[in-house]
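Data block below; observations after.
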Amino acid sequence: GAVVSQHPSWVICKSGTSVKIECRSLDFQATTMFWYRQFPKQSLMLMATSNEGSKATYEQGVEKDKFLINHASLTLSTLTVTSAHPEDSSFYICSARGRGDKNIQYFGAGTRLSVL
Amino acid sequence: DQQVKQNSPSLSVQEGRISILNCDYTNSMFDYFLWYKKYPAEGPTFLISISSIKDKNEDGRFTVFLNKSAKHLSLHIVPSQPGDSAVYFCAAALLRPGGNEKLTFGTGTRLTIIP
């Protein structure tokens, strides 16, 4: 149980385009979803937290207009990197938590974004 | 600033022996701590957690110890098995007023179990 699917696993795009990453909880209802970013040789850094049906809460230094997060249902959250630039190239990973999960987050496998 | 540190990037242990993975943190306000295990091309999977008010939590072969005065936690795996070979991440959680938590991760330790 507690499976989180993230798609795509790898995406290459041209500078200036937008990229959408999907995060789905397959066998539970995710009341809260989290988006992280990881640069090489660094740890996972929380970008934003979203509760289903509410606006996402962004961490300090993360541009909300750049990284659009939608959590419209209990099984799906999306992260859209708008007008991507090479400095946005990174590893993006989502996690999800359901009700009564005692604050345990379940992670997707991540998306490697390369912006040319 | 790196609030959670895993100073050993890698560790090799003989099968059947004890594996000890270490983690240090700087923020005494963390509410609980977690260990995650990650295989290649997969997301981190939850292993075990410990509340900041406890000093030990055990689950089968896995035991986590917390030393608050030293701001140090460790994960013990005994006996170590080949399937334990993976990258292990330590994470510290801060509960926020809205009810959600913020996890701060270490950079991971790659554990290799030698048959």
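The values are calculated or read from the model by the stated rules, or taken from the named source; none is laboratory data. Only a predicted model underlies this, so the values are computations on that prediction, with no experimental measurement involved. Backbone-built Cβ (ideal geometry, glycine too); neighbour counts: all protein chains shown. Note: accessible area is taken over every heavy atom of the protein model, side chains too, but ligands, DNA and RNA are not part of it. Shrake-Rupley method; radii C 1.70, N 1.55, O 1.52, S 1.80 Å.
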- Checked segment A:9-40 for anything open to solvent by 20 Å² or more (accessible area, probe 1.4 Å), more than 18 Å from B:GLY106 (Cβ to Cβ), in a strand (DSSP E or B) and within 12 Å of chain B (Cβ to nearest Cβ); matches are A:TRP10, A:THR31
- Item | Output for segment A:41-61, where each listed residue is within 11 Å of another protein chain (Cβ to nearest Cβ), farther than 18 Å from A:ASP88 by Cβ and surrounded by 14 or more Cβ atoms within 10 Å (Cβ to Cβ) | A:SER43, A:THR49, A:SER50, A:ASN51, A:THR57
- Query: Taking the condition polar (S, T, N, Q), surrounded by 14 or more Cβ atoms within 10 Å (Cβ to Cβ) and not in a loop (DSSP other than H, G, I, E, B), does B:SER74 pass?
  - Reply: yes
- Item | Selection within segment B:29-71 - crowded, with 19+ Cβ neighbours inside 10 Å and of a type in the set (S, T, N, Q) | B:SER49
- Item | Condition check for B:GLN81: facing chain A (nearest Cβ under 10 Å) and either basic (Lys, Arg) or surrounded by 13 or more Cβ atoms within 10 Å (Cβ to Cβ) (or both) | no
- Enumeration of residues in segment B:8-32 that are away from chain A (no Cβ under 11 Å) and either assigned to a strand (DSSP E or B) or closer than 15 Å to A:LEU44 by Cα (or both): B:SER10, B:LEU11, B:SER12, B:VAL13, B:GLN14, B:SER19, B:ILE20, B:LEU21, B:ASN22, B:CYS23, B:ASP24, B:TYR25
- Task: Return only the number of the condition from (1) more than 13 Å from every other protein chain (Cβ to nearest Cβ); (2) open to solvent by 70 Å² or more (accessible area, probe 1.4 Å); (3) out of contact with any strand residue (DSSP E or B) (no Cβ under 8 Å at 6 or more places or on another chain) that A:SER83 does not satisfy.
- Result: (2)
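Counting just the residues of segment B:1-59 that are among the acidic types (Asp, Glu) and within 15 Å of B:GLY108 (Cα to Cα), which one comes out modelled with the lowest pLDDT?
Within segment B:1-59, the match that is modelled with the lowest pLDDT is B:GLU42.
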